[in-house]
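Throughout, read-outs are computed from the coordinates displayed, never taken from laboratory work. Computed from a prediction, not measured in an experiment: that's the story for all the values here. Cβ atoms come from the backbone with ideal geometry, glycine included; neighbour counts cover every protein chain shown.
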Amino acid sequence: MLKVAVIGLGNIGNTHAPVYQADPLANFVAVCDIIKEKADKAAERYGVRAYYSVEDLLKNEELDAVSVCSAGVENGGDHYEPIMQCLEAGLNVLGEKPISNDIVKARAMVKKAEEKGVYFGTNLNHRFVPPAAKAKQWITEGKLGHLLLMNMTMWIGNPNETSPWFHMRALHPHSFDIMRFMCGDIKRVHAFMNHAPGRICWSNAQINVEFTNGVVGHLTGSYDTNPSHNLERCEVMGTEGRLVLDNLYEELTFYPRRSNELTVIRNSIMGGLSGFGATFTNRIHRWLEQIHAEVPPEELEASAREGLAVQEVIEAAIRSHESGKAEEVPLMV
Ligand SMILES: NC(=O)c1ccc[n+]([C@@H]2O[C@H](COP(=O)([O-])OP(=O)(O)OC[C@H]3O[C@@H](n4cnc5c(N)ncnc54)[C@H](O)[C@@H]3O)[C@@H](O)[C@H]2O)c1
């Protein structure tokens, strides 16, 4: 069993915590929040010890891994400090997305984790659902043939405003992660954005992307819709057929090019995923499983390196919106 703690006990820390509590691979021992009441309330709820600074947590607990669920500007402005403290102490860290809203800090964290030889993951939870794994398997096995096109949509309603780039930096780590998960690295982007009346942030985006393998794709993103209608949709087309993964995990369909017979996999009411929360359960279990199995760090799924890769795409999209031109995504070194 791995001894774990959760840092940052807002809504999302309180989503990670019960998952650790229920997972047989975890021994959940402590919570930490700089707001005493939040730490105390969580400690009481989960029956674990409370700390009010990361320094104290690290001094008093012998941990194997932590989840860092701080937030801040653009939902990522506070991650750097607690994550660096934990990495410096040699702990395995699962950070929330975005890895950071500051690309320089994101790069520094990934570098630090690699120097320390620890596991550093990002909670890119949307890909941790069985239909996404099946879609990826179809792609890898060549069921779609030679890949050509991909379309992605992710839209939710978020009226918060922390900066002009809040929508891009806070939401689209998930979208670009699914796009990269299916089709690989992205090398070029061309972005167009607008904002809903009265909004400060660029709350709607249409972004063309070119993948390193030649696939051309598109992302539609919005903070101005109702996610209960549809949260996301992913479509990949190749020379032999097309797949559509609708609404994260609700339905996966394969449309073969040379036949009219479709393959449809629906989320079953008998044992299928019960809701969005299951993406956290699956992601965190895989995180624990991979640490437990001591996989080579470069094999960690949804690693912080991948969390950084999506942030590099987002920054290139922001540059493109400002320049009006297609922009290169820097190669990861
Ligand atoms: N993966 C997902 O599906 C998903 C969904 C929503 C939000 N998120 C992400 O989860 C993160 C947290 O979101 P939230 O809504 O819970 O935020 P929140 O603001 O409600 O909670 C953050 C908590 O972290 C604490 N904190 C900040 N710095 C700290 C530090 N140095 N040490 C200890 N505690 C510290 C704050 O006091 C606060 O209680 C964000 O990065 C957000 O983008 C992820």
- Query: Tell me, how many Å apart are the Cα centres for segment 126-193 and for segment 51-123?
  - Reply: 24 Å
- Item | Under the Karplus curve 6.51 cos²θ - 1.76 cosθ + 1.60, θ = phi - 60°, whole-Hz ³J(HN,Hα) for segment 211-227, x wherever Gly or Pro sits | 8, 4, 7, x, 4, 10, x, 8, 10, 9, x, 8, 10, 10, 10, 10, x
- Calculate the length of the line joining the C-alpha centroid of segment 263-333 to that of segment 206-237, in whole Å. 14 Å
- Task: Only bridges with both residues in the chain count here: give the DSSP antiparallel percent, nearest 5.
- Result: 60 percent
- Query: For the chain, what is the calculated [θ] at 222 nm in deg cm²/dmol (nearest 500), taking -39500 (n - 2.57) for each run of four or more DSSP H residues and dividing by its residue count?
  - Reply: -11000 deg cm²/dmol
- Message: With θ taken as phi - 60° and the coefficients 6.51, -1.76 and 1.60, list the Karplus ³J(HN,Hα) couplings across segment 20-27 in order, rounded to whole Hz; mark glycine and proline as x.
- Response: 4, 4, 8, 7, x, 8, 10, 10
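Among 165-171, 1-7, how do they line up by average Cβ neighbours within 10 Å per residue, starting with the highest? All intermediate terms of the calculation are to be shown ahead of the outcome.
On the way: 165-171: 24.7, 1-7: 22.4.
Going by the mean number of other Cβ atoms within 10 Å, highest first, we get 165-171, 1-7.
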- In this structure, the FRET efficiency calculated for Lys325 and Ser53 from their beta-carbon separation, with R0 = 56 Å, to the nearest 0.05, is 0.80
- Item | GNM top mover of Gly77, Gly157, Gly217 - the chain, alpha-carbon springs below 10 Å | Gly157
- Query: Cα gyration tensor of segment 89-207, axes a ≥ b ≥ c as square roots of the eigenvalues: rounded (a/c below 1.5), prolate (a/b > b/c) or oblate?
  - Reply: oblate
- Sites matching trypsin sites (Lys or Arg not before Pro) across segment 287-333 that sit in DSSP coil, with at most 12 neighbouring C-beta atoms within 10 Å: Lys325
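Can you check what the Kirkwood hydrodynamic radius comes to for the chain, Cα pairs only, in Å to one decimal?
That comes to 20.5 Å for the chain.
Taking a ≥ b ≥ c as the square roots of the eigenvalues of the Cα gyration tensor of segment 62-144, is the shape rounded (a/c under 1.5), prolate (a/b larger than b/c) or oblate? Mind dumping the intermediate values first?
Details: a/c = 2.29, a/b = 1.81, b/c = 1.26.
It is prolate, given that a/c is not under 1.5 and a/b is the larger ratio.
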- Counting other Cβ atoms within 10 Å, keep those with at most 12, restrict to DSSP loop, and tell me which GluC sites (Glu not before Pro) in segment 225-333 are left. Glu261, Glu294
- For Gly121, residues with placed amide H under 5 Å, excluding near neighbours: Val93, Leu94, Gly95, Ala304
- Counting only C-alpha contacts under 8 Å and six or more residues apart, can you give the relative contact order of segment 183-333 as a whole percent? 23 percent
- Query: Fewest to most neighbouring Cβ within 10 Å: what's the order for Met332, Met237?
  - Reply: Met332, Met237
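Tally Lys and Arg at +1 and Asp and Glu at -1 over the other residues with C-beta under 13 Å from the C-beta of His321: what net charge comes out?
Values: positive: Arg169, Arg319, Lys325; negative: Glu315, Glu322, Glu327.
Computed value for this residue: 0.
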- Message: Relative contact order of the chain, please, whole-number percent, based on alpha carbon pairs below 8 angstrom and at least 6 residues apart.
- Response: 18 percent
- 20 °C / 1.002 mPa s Stokes-Einstein diffusion coefficient of segment 138-199, Kirkwood radius on C-alpha pairs, µm²/s: 151 µm²/s
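Going by the alpha-carbon gyration tensor, a ≥ b ≥ c the square roots of its eigenvalues, is segment 1-99 rounded (a/c under 1.5) or, if a/c is not under 1.5, prolate (a/b greater than b/c) versus oblate?
On the way: a/c = 1.33, a/b = 1.18, b/c = 1.13.
Rounded, because the longest to shortest axis ratio a/c is under 1.5.
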- Message: Net charge within 12 Å of Asn230 by Cβ-Cβ distance, Lys/Arg positive one each and Asp/Glu negative one each, not counting Asn230 itself?
- Response: -3
- Simple spin-label estimate for Asn160/Gln206, 7 Å along Cα→Cβ, in nm, reads 2.9 nm
- Task: Would you work out the relative contact order for segment 1-122, in percent, from Cα pairs under 8 angstrom that are 6 or more residues apart?
- Result: 22 percent
